[in-house]
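Visitor: Quick one: the structure is below, questions incoming.
The values are calculated or read from the model by the stated rules, or taken from the named source; none is laboratory data. Small disclaimer: the values here were computed from a predicted structure and weren't measured. Glycine gets a Cβ as well: all are built from the backbone with ideal geometry, and neighbour counts include every protein chain shown.
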Amino acid sequence: MKKILLDRYGAPEENARCATVDDVGAPGAGEVVFDVLLFPINPADISFCRGTYRLRPPLPATPGAECVGRVTAVGDGVSDVKAGDLVITLQRENWAQQRRVKADDVIALPPRIDLRQAAMLRINPATALLLLTSLIDVKPGEWVIQNVANSAVGRLVIPLARARGIRTMNVVRRESLFAELAKLGADACVVDGDDLAERVKAKTAGGTIRLGLDAVSGRATHRIAECVGDDGVVCNYGSMSGEDPVMSRPALSGRGVRLAGFTLTRPLATYPRDKVRALYADLARQVIDGTLTAPVEQVYAIDDITRALAHAQRGERTGKILVAPTGSV
Ligand SMILES: NC(=O)c1ccc[n+]([C@@H]2O[C@H](COP(=O)([O-])OP(=O)(O)OC[C@H]3O[C@@H](n4cnc5c(N)ncnc54)[C@H](OP(=O)(O)O)[C@@H]3O)[C@@H](O)[C@H]2O)c1
């Protein structure tokens, strides 16, 4: 089978290659084997390849935090999934044509779910939901501000907030995105820049922003913090700038704005498996009913991983880059 191997940490398109390796073999007791149908290239995968992610395994390593697959065989004692089922896995190393994993780490999906959305179900929808609901209790009518609002996470935050009556202030890098974000339910959009707080204040008309979501870091964190009201929370959950978050002392100590961090794996690790399964069942339901969706710009073959990785690092994409390891789906 084919599998992506990373030989060195560095520029992903220069150091990741598609290799032919042994098949995964038959499932042992309590294991599941599935064909990988699609996987996305997420910012965290790019950072994994660069060696700047929190996980930095010995090389060669296989990236890939998520995928969707179809079960081909199950081992003794496995009753939750069967051959033919669509699944996602909680394990990593998913940039391959086949996976053999513990059945406990597999979540079966409804057969009618869109495959592209299913490939992106594990990380971003759960992240958007927990960013909105697990940090502070934002009440209906209150505001949340987020940068990278046109990212997959940003586009998922918007309908999830709207469903709770929470208003969203959406910060992007170009005005041409305003109309499509408004269609998703964005209450207001604004282009990032030095005078962000003044322009945001004009748009909220006196409303308080309780929560700021920042995935850019560097001075962008500071700009989000300037928009958040006294005693509010800024949650840093990504670093598209590659920098560490910057907060001003007047915001921190003068106005009591708190800087929090978020990584999906931390809250999920505290959930019993039943709660994890219930979370993904609910998110899958919202994907199927059309509430949650993330656009896709292009799907590549696994042999084209170099081009796919270069493409995934371009700014101003209209959607995610996916790879279909076992052929078109
Ligand atoms: N902590 C967690 O558990 C967790 C989980 C999921 C995702 N995340 C993070 O969430 C963020 C979004 O992920 P995604 O998968 O939704 O992203 P995505 O769909 O691939 O979109 C990337 C976004 O980043 C923006 N961007 C790229 N470079 C930038 C820069 N230098 N400065 C400002 N904006 C920049 C892009 O804006 P343009 O369109 O203007 O280029 C786009 O909005 C990432 O930082 C990711 O690591 C964190």
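Visitor: Considering segment 283-313 alone, what residues qualify as being part of a loop (DSSP other than H, G, I, E, B) and more than 17 Å from the chain's Cα centre (by Cα)?
Guide: Passing the criteria: D289, G290.
Visitor: Further, regarding this structure: Could you list, in sequence order, all residues of segment 229-240 that are away from the ligand (no atom under 12 Å from the Cβ), buried (at least 17 other Cβ atoms within 10 Å of the Cβ) and in a loop (DSSP other than H, G, I, E, B)?
Guide: Hits for segment 229-240 are G229, G232.
Visitor: Something else: Name every residue in segment 296-329 that is within 16 Å of the ligand (Cβ to nearest atom) and exposed (fewer than 14 other Cβ atoms within 10 Å of the Cβ), in order of residue number.
Guide: Selection gives E297, R314, G315, E316, T318.
Visitor: Looking only at segment 163-180, filter to residues that are part of a helix (DSSP H, G or I) and in contact (Cβ under 8 Å) with a residue 24 or more places away in the chain; which one of those is nearest to R122 (Cα to Cα)?
Guide: If we take residues in segment 163-180 being part of a helix (DSSP H, G or I) and in contact (Cβ under 8 Å) with a residue 24 or more places away in the chain, then A163 is nearest to R122 (Cα to Cα).
Visitor: Of E226, E243, which residue is part of a helix (DSSP H, G or I) and in the same structural domain as V171 (by TED's automatic domain parsing)?
Guide: Just a single option satisfies the conditions, and that option is E226.
Visitor: How do the pairs read when you match residues in segment 94-105 that are part of a helix (DSSP H, G or I) with residues anywhere that are aliphatic (A, V, I, L, M), using Cβ under 8 Å and keeping only pairs 6 or more apart or on different chains?
Guide: A103/V32; A103/V74; A103/V78; A103/V81; D105/L90
Visitor: Take segment 111-133 and flag every residue that is part of a loop (DSSP other than H, G, I, E, B), surrounded by fewer than 23 Cβ atoms within 10 Å (Cβ to Cβ) and near the ligand (Cβ under 10 Å from one of its atoms).
Guide: I123
Visitor: Let me ask something else about it. Among the listed residues L55, L38, L5, which satisfies the condition of being away from the ligand (no atom under 16 Å from the Cβ) and among the hydrophobic types (A, V, I, L, M, F, W, C)?
Guide: When all the criteria are applied, what remains is L5.
Visitor: Now for a separate question. How many residues does segment 189-228 contain that are under 15 Å from G154 (Cα atoms) and loosely packed, with under 15 Cβ neighbours inside 10 Å?
Guide: Number of matching residues: 1.
Visitor: Moving to a separate point now. Filter segment 163-188 down to the residues that are within 11 Å of the ligand (Cβ to nearest atom), under 20 Å from the mean Cα position of the chain (by Cα) and surrounded by fewer than 18 Cβ atoms within 10 Å (Cβ to Cβ) and list them by number.
Guide: R173
Visitor: What number of residues in segment 1-16 are surrounded by fewer than 17 Cβ atoms within 10 Å (Cβ to Cβ) and at negative phi?
Guide: Of the residues in that region, 5 qualify.
Visitor: Specify which of the listed residues (R258, R317, R249, R285) is in contact with a strand residue (DSSP E or B) (Cβ under 6 Å, 6 or more places away or on another chain) and not assigned by TED's automatic domain parsing to the domain that holds L55.
Guide: After applying the criteria, what remains is R258.
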